[in-house]
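Okay, so here's the structure we're looking at.
The values are calculated or read from the model by the stated rules, or taken from the named source; none is laboratory data. Treat the numbers as computed from the prediction; the structure is a model and nothing was measured. Quick reminder, even Gly has a Cβ in these numbers, built from the backbone with ideal geometry, and neighbours come from all protein chains shown.
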Amino acid sequence: MRFYLKKILKVIGIVFIIIISISLIITGHQYYSANSYSPSTKMINSKNFVDGKFVNSIPTNVGAPGRFCEMVFKYLAGGQKDRKPSIQLPIVSSDKNLNGTLTGSLQFIWLGHSSVLLELEGKRFLFDPVFSERASFVKWYGPKRFHPVPLSIDAIPSLDAIIISHDHYDHLDKSAIKNLSNRKVHFYVPLGIGRLLEEWGVQESNIIEFDWWDEINVSNIKIISTPARHFSGRGLFDTNKTLWCSWVLKGKHKSVYFSGDTGIMSEFKEIGDKYGPFDVTFIKIGAYDELWPDIHINPEQAIEAHERVRGNALVPIHWATFDLGLHSWYEPAERLVNAANSSKANIIAPKIGELVDPTQYHNSYWWRELK
């Protein structure tokens, strides 16, 4: 009897952990050090910092009001049957594409999800590096990669900057940061994230925190933190204690926009008016749903954002790597292409790990062969 009671209690405990874990993943509330709670002077002086937390420029709900239980249930048991690919996705090994030589123009490698290795006018930048197998606060549970990382972290060539959009696990990977912390490279991050990076081994002198519209020059390339409509948090008690943002990199001849995670917002036009047009926009397209419409644009809205910021080529990111939504793994790309057919948007949708020169790329729509 005692044996079966222990079994029942164990099952109940596992179910409880799963429910809590999924709710944490959905809301972004994951483990975060208590040492990061005290705001800096720059955080306090930010107009986005209100009553001890960062806010969006307009009222924003993380989830549809009154539908949290529905959100958890659907995440556990709902959604489309193809939320995860049934076969291996095609991966191009990036190790073969990088010989340490920089071009004087613009090229990039999409490493999966929102991780992008960008070369711009002789400088190399790494956005939102995530190399772990799971986007989770534990190694044994949480969204698992659909595919291997196309480039080992040790094979990443010398960098001029590492740029982070916000602190969620699918954008800020502790093990990757700890690995990269030994490099003599600057980390450009939203307000509040610097202290966490310090705890992971990054030297304080190598961390520059940005408020929205802050900018810095790195060898004739402007790096500008621009608004996003999202939220932050890695622990139960740190919701919105750090800022989130998008990014602009503007060189003498080429420029790019990186959306990070965002919902639809009026600031897209302001970004385009101030810094556009952009040769390439990297815009998230996955993990959208009617249950959280304010914080994640869908593919049609990605086209709208691209046009508002005055982009030329749109590169979809934040898809085909982790199951973070309720749609099939390929739906975001398919909807994006269909929406682009009725607009002027030029879509570049490379395979994961493929080295891309935007001026010479021809789409293959590779996911259609795997459906």
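Some points to look at:
- S232 meets the conditions (1) surrounded by 24 or more Cβ atoms within 10 Å (Cβ to Cβ); (2) modelled with pLDDT under 95 in every case but one. The failed one is (2).
- Within region 54-77, if we keep just the residues that are among the charged types (D, E, K, R) and either crowded, with 16+ Cβ neighbours inside 10 Å or not in a loop (DSSP other than H, G, I, E, B) (or both), the residue that is nearest to the chain's Cα centre (by Cα) turns out to be K74.
- With respect to being within 15 Å of L126 (Cα to Cα), in contact with a strand residue (DSSP E or B) (Cβ under 6 Å, 6 or more places away or on another chain) and modelled with pLDDT of 95 or more, I216 falls outside the description.
- Within region 43-60, residues that are at negative phi and in contact (Cβ under 8 Å) with a residue 24 or more places away in the chain have Cβ atoms under 7 Å from residues that are small (G, A, S) and outside any strand (DSSP E or B) in these pairs: M43/G192; F54/S232; T60/G263, counting only partners at least 6 apart in sequence or on another chain.
- In region 144-162, the residues that are buried (at least 21 other Cβ atoms within 10 Å of the Cβ) and under 23 Å from F231 (Cα atoms): I162
- Selection within region 219-229: residues that are at pLDDT 95 or above and among the small types (G, A, S). The member of this set that is nearest to the chain's Cα centre (by Cα) is A228.
- Candidates I297, I264 - the one that is surrounded by fewer than 21 Cβ atoms within 10 Å (Cβ to Cβ), under 19 Å from I58 (Cα atoms) and of a type in the set (A, V, I, L, M): I264
- Residue pairs meeting the criteria (Cβ under 8 Å; at least 6 apart or on separate chains; first touching a residue at least 24 places away in the same chain (Cβ under 8 Å) and assigned to a loop (DSSP other than H, G, I, E, B), in region 78-92; second exposed (fewer than 14 other Cβ atoms within 10 Å of the Cβ) and of a type outside the set (F, W, Y)): D82/K371
- Here N217 passes the criteria (1) polar (S, T, N, Q); (2) surrounded by fewer than 21 Cβ atoms within 10 Å (Cβ to Cβ); (3) closer than 23 Å to A135 by Cα except the one numbered (3).
- Within region 40-47, not a single residue is surrounded by fewer than 17 Cβ atoms within 10 Å (Cβ to Cβ), in contact with a strand residue (DSSP E or B) (Cβ under 6 Å, 6 or more places away or on another chain), more than 26 Å from I297 (Cα to Cα) and not hydrophobic (A, V, I, L, M, F, W, C).
- Checking each residue in region 197-209 for being among the hydrophobic types (A, V, I, L, M, F, W, C), within 15 Å of A176 (Cα to Cα) and surrounded by fewer than 23 Cβ atoms within 10 Å (Cβ to Cβ) picks out only W200.
- Residue selected from region 163-196 under the condition closer than 22 Å to N48 by Cβ, small (G, A, S) and over 14 Å from the mean Cα position of the chain (by Cα), by the criterion surrounded by the most Cβ atoms within 10 Å (Cβ to Cβ): G192
- Residue within region 353-368 that is surrounded by fewer than 19 Cβ atoms within 10 Å (Cβ to Cβ) and in contact with a strand residue (DSSP E or B) (Cβ under 6 Å, 6 or more places away or on another chain) present: yes
- Count - residues of region 340-352 that are surrounded by fewer than 14 Cβ atoms within 10 Å (Cβ to Cβ) and either in contact with a His (Cβ under 6 Å, 6 or more places away or on another chain) or under 11 Å from V315 (Cβ atoms) (or both): 0
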